[in-house]
Amino acid sequence: MNVQDAVKSLVRYGISKNLIEKEDTLFTANSILDVLGVEPSGDFLSGMTVDDAEEMELEDILAVLLDDAAARGRIDNGIASRDLFDTRIMGCLTPRPSEVIRRFNALYKEQGPAAATDYFYALSKDSDYIRSYRIRKDRKWTAKTRYGELDITINLSKPEKDPKAIAAALNKKQDAYPRCLLCPQNTGYAGRLDHPARQTIRLIPLQLDHKDWFMQYSPYVYYNEHCIVLSGEHIPMKIERATFKRLLEFIRIFPHYTVGSNADLPIVGGSILTHEHFQGGRYTFAMEKAGIREKISFAGFEDVEAGIVNWPMSVIRLDCADPGRLVDLADRILSVWRGYTDAECGIIAETEGTPHNTITPIARMRGDQYELDLVLRNNRTSDAHPLGIYHPHAELHHIKKENIGLIEVMGLAVLPARLLQEMKELQDVILDGKDPASRPSLQPHAAWAGQILAKYPEFAPDRVQCTPENAAKLDEIIKEEIGLVFAQVLEHCGVYKETEAGRAGFERFIDTVSRES
């Protein structure tokens with residue numbers, strides 16, 4: 001396929017996905033040619049029709065245009081430059097923000113919230129803002145644990161982040177434009193090598209607690225309809241009374257979605273603390289399916305159903321038909337937790353004025369009830385655990401070192417891309433009858449691999465047989481064991497452990513909240 005044929009195919013793609021109308025054919029083709037810097041043959045646009053264009057996948061069409069641009073020196077052939085350029089191309093096909101907003105609002109009014117988000121999500125994929133062909137390469141599975149089936153993903157489209165770099169970002173001078181990846185000013189931005197192009201991003205304006213907020217989708221889509229709900233202002237993350245109001249207002253507007261907020265402190269606060277935002281989507285997380293381990297009540301809030309969730313982290317679940325009551329009780333729990341110290345359980349509220357206690361909140365509808373999960377977090381460090389006492393400990397860093405934010409709190413592991421190759425190498429070494437500890441590249445996994453071999457002695461070096469059946473079995477074993485490690489990760493992050501002392505400490509905190517009435 002030559003460039004002119006690829007342009008025709010791309011225009012045809014745009015029409016088939018309802019990104020543009022047939023009447024837009026010439027305009028769109030000329031816009032794409034301008035981006036490409038290509039002068040077509042004289043009769044290319046004369047009576048142009050796309051009906052005879054070759055059917056190709058979007059990824060393949062864009063590859064033709066990108067390879068040609070690189071060959072002509074219009075772009076270099078690095079992935080960042082290619083991503084900037086193909087986003088600019090797709091911007092020629094993406095409807096203007098005003099058109100998207102009008103369509104979204106009309107669907108919401110005429111057919112309901114699910115129809116509106118269905119349209120918006122499809123647009124985000126069809127415009128290539130969500131690069132579906134990359135997302136499909138992610139490896140995903142579920143793992144059975146004592147807490148139910150946890151979701152495990154090995155992410156191939158986003159680099160692993162260093163917890164220290166995340167914390168340092170809070171103090172970094174924010175003078176770039178756009179100030180961060182979540183600012184509304186990203187809409188239509190051409191990007192640069194250290195900032196992705198955003199000609200294809202579209203935002204839906206919302207009013208939450210009388211403030212301007214916006215909804216977009218995550219380009220990485222860790223789960224179905226993974227959306228980002230962001231403040232119109234570039235202000236730091238803050239968990240406060242208004243947070244609970246906004247979360248509950250959001251699920252009133254979109255009752256088919258779950259939504260939550262990362263906490264507002266380093267280590268326990270996810271990857272972006274500089275811009276207030278929530279994450280949500282149309283997905284049932286493992287934590288939502290977890291039952292109540294123990295029913296509890298709070299003085300003055302007997303009308304609110306409350307309980308401790310059967311989960312590795314310390315979660316209080318609140319249910320009520322009146323969202324205002326949930327806001328009042330959540331605000332009280334947060335207020336008490338901010339200043340709460342229980343040295344017996346290792347919980348210290350602050351160190352020399354630096355706060356340690358915060359909450360990760362998650363909201364959803366359960367029937368006609370508003371439901372709010374409050375996950376107690378603490379970000380203290382120690383000499384033994386310099387990255388965080390309630391953070392994955394060092395022995396688990398070979399699988400997961402990054403901060404445990406909202407998505408993982410709810411039971412979905414987002415693991416680094418490096419694991420895909422490392423697990424393949426580990427499997428090959430074991431099936432070859434060799435000791436994983438003898439391979440330098442597998443040293444971080446050596447102790448864990450030894451535990452797996454002790455658990456499954458048929459794969460010991462002196463007994464293993466390399467057969468297709470054993471290869472398939474070992475692949476499943478490794479996936480299951482990764483899931484068990486992730487369960488341990490969440491246990492490490494729980495402030496109250498599943499021990500007699502931990503349960504007693506949790507009860508003391510709940511009693512303290514009741515006494516504050």
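Gln369 fulfils the conditions (1) buried (at least 18 other Cβ atoms within 10 Å of the Cβ); (2) more than 19 Å from Pro266 (Cα to Cα); (3) in contact with a strand residue (DSSP E or B) (Cβ under 6 Å, 6 or more places away or on another chain) except for a single criterion, (1). Reported count of residues in segment 277-327, each being under 24 Å from Leu208 (Cβ atoms) and of a type in the set (Gly, Ala, Ser), is 4.
Scanning segment 391-416 for residues that are under 30 Å from Arg282 (Cβ atoms) and assigned to a loop (DSSP other than H, G, I, E, B) returns His391, Pro392, Ile399, Lys400, Lys401, Glu402, Asn403, Ile404, Gly405, Met410, Gly411, Pro416.
Every test in (1) of a type in the set (D, E, K, R); (2) over 27 Å from Leu247 (Cβ atoms); (3) at pLDDT below 95; (4) not assigned by TED's automatic domain parsing to the domain that holds Cys466 is passed by Glu395 save one, and that test is (3).
Listed by first and then second residue, the pairs linking a residue in segment 197-212 that is of a type in the set (Ser, Thr, Tyr) to a residue that is outside any loop (DSSP other than H, G, I, E, B), with Cβ atoms under 9 Å apart and 6 or more places separating them unless they lie on different chains, are Thr200/Thr87; Thr200/Met90; Thr200/Gly91; Thr200/Ser124.
Take Lys434 and decide whether it is in a loop (DSSP other than H, G, I, E, B) and within 30 Å of Cys345 (Cβ to Cβ). For Lys434, the condition - in a loop (DSSP other than H, G, I, E, B) and within 30 Å of Cys345 (Cβ to Cβ) - is not met.
Test Ala437 against the stated conditions and say whether it is closer than 30 Å to Pro461 by Cβ and not assigned by TED's automatic domain parsing to the domain that holds Ala471. So Ala437 fails the test. Of all residue pairs spaced 6 or more apart or on separate chains, none has beta-carbon atoms under 7 Å together with a first member in segment 287-298 that is among the basic types (Lys, Arg) and a second member that is in a helix (DSSP H, G or I) and crowded, with 19+ Cβ neighbours inside 10 Å. Note on segment 151-161: among residues that are closer than 22 Å to Leu181 by Cβ and at pLDDT below 95, the one that is surrounded by the most Cβ atoms within 10 Å (Cβ to Cβ) is Asn155. The set of residues from segment 449-471 being part of a helix (DSSP H, G or I) and either of a type in the set (Phe, Trp, Tyr) or within 29 Å of the chain's Cα centre (by Cα) (or both) comprises Ala449, Phe459. Considering only segment 325-345, I want to know if a residue exists there that is in contact with a Gly (Cβ under 7 Å, 6 or more places away or on another chain) and crowded, with 16+ Cβ neighbours inside 10 Å. Looking through segment 325-345, at least one residue is in contact with a Gly (Cβ under 7 Å, 6 or more places away or on another chain) and crowded, with 16+ Cβ neighbours inside 10 Å.
Note on segment 274-283: residues that are within 14 Å of the chain's Cα centre (by Cα) and surrounded by fewer than 23 Cβ atoms within 10 Å (Cβ to Cβ) total 3. Considering segment 12-25 alone, what residues qualify as being of a type in the set (A, V, I, L, M, F, W, C) and either in contact (Cβ under 8 Å) with a residue 60 or more places away in the chain or at positive phi (or both)? Correct list: Leu19, Ile20. The residue of segment 445-459 that is nearest to Leu420 (Cα to Cα), among those that are surrounded by 14 or more Cβ atoms within 10 Å (Cβ to Cβ) and in contact (Cβ under 8 Å) with a residue 24 or more places away in the chain, is His445. Selection of segment 288-324 for residues being of a type in the set (Gly, Ala, Ser) and either buried (at least 16 other Cβ atoms within 10 Å of the Cβ) or under 25 Å from the mean Cα position of the chain (by Cα) (or both) yields Ala290, Gly291, Ala306, Gly307, Ser314. Has segment 22-37 got at least one residue that is outside any helix (DSSP H, G or I) and farther than 22 Å from Cys227 by Cβ? Among the residues of segment 22-37, at least one is outside any helix (DSSP H, G or I) and farther than 22 Å from Cys227 by Cβ, which makes the answer yes. For Ala446, the test of being in a helix (DSSP H, G or I), within 32 Å of the chain's Cα centre (by Cα) and either in the same structural domain as Ile359 (by TED's automatic domain parsing) or under 30 Å from Trp311 (Cα atoms) (or both) is passed.
Flag: Val259 matches the condition of being among the aliphatic types (A, V, I, L, M), under 26 Å from Thr142 (Cβ atoms) and touching a residue at least 12 places away in the same chain (Cβ under 8 Å).
Screening Val229, Val221 for residues that are touching a residue at least 60 places away in the same chain (Cβ under 8 Å), under 28 Å from Pro392 (Cα atoms) and of a type in the set (A, V, I, L, M, F, W, C) leaves exactly one candidate, Val221. Which ones in segment 114-150 are among the hydroxyl-bearing types (Ser, Thr, Tyr), over 22 Å from Tyr257 (Cα atoms), modelled with pLDDT of 95 or more and not in a loop (DSSP other than H, G, I, E, B)? Thr145, the sole residue that qualifies. Taken together, Asp432, Asp475, Asp462, Asp428 contain a single residue that is without any contact (Cβ under 8 Å) to a residue 24 or more places away in the chain, surrounded by fewer than 17 Cβ atoms within 10 Å (Cβ to Cβ), out of contact with any Asp or Glu (no Cβ under 8 Å at 6 or more places or on another chain) and not assigned by TED's automatic domain parsing to the domain that holds Gln279, which is Asp428. Just so you know, in segment 212-229 the residues that are among the aliphatic types (A, V, I, L, M) and crowded, with 21+ Cβ neighbours inside 10 Å include one that is farthest from Ser271 (Cα to Cα), and it is Met215.
The values are calculated or read from the model by the stated rules, or taken from the named source; none is laboratory data. Computed from a predicted structure; not experimentally measured. Counting neighbours? That spans all protein chains shown, and the Cβs are built from the backbone with ideal geometry, glycine included.
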